[in-house]
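Asks: Right, I'll just put the structure down here and ask away after.
The values are calculated or read from the model by the stated rules, or taken from the named source; none is laboratory data. What you are looking at is a predicted structure, and each value in this text was computed from that prediction instead of being measured. Note: ideal-geometry Cβ built from the backbone for every residue, glycine included; neighbour counts use all protein chains shown.
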Amino acid sequence: MKTLPQNNLIVTSKSTDELQTMLLDIIKRAKKKGASDAVVGVSLDSGFSVDVRMGEVETIAFSEDNSVGITVYIGKAKGSASSSDTSPAALDDMVAAAYEIAKVSASDPCFGLPDPEPHSVPYDDLDLLHPWGITPESAIEQAIQCEAHARALDKRIVNSDGVNLATYQFNLGHADSQGFLGMMESSRHAVSCSLVAKNESSANMQRDYEYTTARNALDMMSLEAVAASAVERTVSRLDAQKIATQKVPVLFSSRLSSGFFGSFIGAISGSNLYRKNSFLLDSIGQQLLPETIKIYEQPWLKRGLGSALFDGEGVTTRPNVIVQNGVLQQYVLNSYTARKMGLKTTANQGGVFNLTVDATGGDLAAMLKMLDRGLYVTELMGQGVNVLTGHYSRGAFGFWVENGQIQFPVEEITIAGNLKDMLRNIVAVGSDLNPNSSTRCGSVLVAEMMVAGNS
């Protein structure tokens, strides 16, 4: 089960030069049509994925998606259209459709291209493109071997939800009528293994999974490691118990920290703020988290899963410091939401880029020791987060911890609190980063939450 050497077998249907020429040509078509401004984006994706289960191939899916979209402005009115056909006639039709929509759309003084804001980028290549030279036949063989290895490791593995192996390559282009032209090429590969376990003495069954993803296939976990971790995670859930309703410290695993801080980012995002749909309105300069906490972006990390040279509207990304010493320094804005609030864009059209929360604690063992007695949560169910009020309530699965040691798995529980209190009561952030997430954050220990179990 070795990862094969990389080799460029996946190619996009158009070269970078051809895409640049096409983008500039579409801008010219829009200006000729009568648009005062225009912005064009193109996305070319190619790759495949295979799914195997119980030693048999379930699906092989090949993908080659080409899409181009344009937004034209007539003054402060806008119209948008898209197409998967890049022939000259189709591009003319797309431009005409966007123009006709703009003609009948209402004006908004906040519409328009981003304000020119020069920012220097220390790199012109973020090392994001690493095509994986694996054939579908080899992918199937490796996926079958991974599943077989996992099933052979422990007799309590009685079934499988299968192994997925996927490899994709992306080519993204962006241009506008004020002179911006940017291209980004990248790749992403992934393997996941999902299993079902059962004890002979019990009818109860549990399932869990392991996965690995990276820009470069050589940076992923080995298939043996994926299989072994999937087995360990799955059998560890057997004989789960219920616990009494109580208030205890809660440790969120590093798999869950991206969602934890994602809710925070959502509450300070312009789309919620200008609509006054956030529990963190008017929070700039406020102490929202402990003074040990720093939250920032690292958009230029080499091979980073969330790395980018520019955001979704062509604004150069930047290493924004969002929280320093627990104090909120800025919101998360694109050009439109920034104008709505009388502010400047933070280059976050499309989200944040490699959001990073610096560790204040140690590895998982150290974080469990710090937890001492309480709940270690490894899975959450349901949405249960109200960005307007901050109310937080999620179904959960995890492990009960005593004296810093895991005692037994816990199921059929709900954890509840308020995000404002949860953020303020963070005890520590672990150093156990999840390498499969663009959010660079370890496990998160919250001082106290309500855990609803048996009444």
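Asks: Scan segment 84-103 for residues that are of a type in the set (Ser, Thr, Tyr) and crowded, with 19+ Cβ neighbours inside 10 Å and jot them down.
Replies: If the condition is that a residue be of a type in the set (Ser, Thr, Tyr) and crowded, with 19+ Cβ neighbours inside 10 Å, then 86, 99 are the ones that fit.
Asks: Shifting gears a bit: Condition (residue is hydroxyl-bearing (Ser, Thr, Tyr) and over 27 Å from residue 116 (Cα atoms)) applied to segment 314-328: is it met by at least one residue?
Replies: no
Asks: Please go through (1) among the aromatic types (Phe, Trp, Tyr); (2) surrounded by 18 or more Cβ atoms within 10 Å (Cβ to Cβ); (3) assigned to a loop (DSSP other than H, G, I, E, B) for residue 48 and return the number of the only condition it doesn't satisfy.
Replies: Only one criterion in (1) among the aromatic types (Phe, Trp, Tyr); (2) surrounded by 18 or more Cβ atoms within 10 Å (Cβ to Cβ); (3) assigned to a loop (DSSP other than H, G, I, E, B) is unmet by residue 48, namely (3).
Asks: Here are some residues: 127, 108, 92. Which one is assigned to a helix (DSSP H, G or I), acidic (Asp, Glu) and closer than 30 Å to residue 314 by Cα?
Replies: 92
Asks: If you go through segment 278-304 one residue at a time, how many are over 18 Å from residue 122 (Cα atoms), in a loop (DSSP other than H, G, I, E, B) and not hydroxyl-bearing (Ser, Thr, Tyr)?
Replies: Of the residues in that region, 13 qualify.
Asks: Kindly provide the set of residues from segment 27-42 that are under 13 Å from residue 96 (Cβ atoms) and small (Gly, Ala, Ser), ordered by number.
Replies: The answer is 30, 34, 35, 38.
Asks: Given the residues 144, 140, 134, which is the only one that is at pLDDT 95 or above, in contact with a Ser or Thr (Cβ under 8 Å, 6 or more places away or on another chain) and either surrounded by fewer than 20 Cβ atoms within 10 Å (Cβ to Cβ) or over 30 Å from residue 342 (Cβ atoms) (or both)?
Replies: Being at pLDDT 95 or above, in contact with a Ser or Thr (Cβ under 8 Å, 6 or more places away or on another chain) and either surrounded by fewer than 20 Cβ atoms within 10 Å (Cβ to Cβ) or over 30 Å from residue 342 (Cβ atoms) (or both) holds for just one of 144, 140, 134, which is 134.
Asks: Same structure, new question: What is the residue count in segment 377-399 for residues that are of a type in the set (Asp, Glu) and exposed (fewer than 15 other Cβ atoms within 10 Å of the Cβ)?
Replies: The number of residues fulfilling the criteria is 0.
Asks: Anything in segment 177-196 that is in contact (Cβ under 8 Å) with a residue 40 or more places away in the chain, touching a helix residue (DSSP H, G or I) at 6+ places or on another chain (Cβ under 9 Å), surrounded by fewer than 21 Cβ atoms within 10 Å (Cβ to Cβ) and assigned to a strand (DSSP E or B)? List them, or say none.
Replies: 181, 183, 185
Asks: Oh, and also: Select from segment 158-191 the residues that are among the charged types (D, E, K, R) and either over 19 Å from the mean Cα position of the chain (by Cα) or not assigned by TED's automatic domain parsing to the domain that holds residue 80 (or both) and list them in ascending order.
Replies: If the condition is that a residue be among the charged types (D, E, K, R) and either over 19 Å from the mean Cα position of the chain (by Cα) or not assigned by TED's automatic domain parsing to the domain that holds residue 80 (or both), then 161, 176 are the ones that fit.
Asks: Could you please tell me which pairs satisfy a Cβ distance under 9 Å, a separation of 6+ or placement on different chains, a first residue in segment 361-386 that is farther than 18 Å from residue 442 by Cα, and a second residue that is of a type in the set (A, V, I, L, M) and in a helix (DSSP H, G or I)?
Replies: 385/419; 386/419
Asks: Just to be sure before I move on: is residue 152 in a helix (DSSP H, G or I), more than 30 Å from the chain's Cα centre (by Cα) and of a type outside the set (S, T, N, Q) in the structure I sent?
Replies: Here the answer is yes, as residue 152 does meet what is asked.
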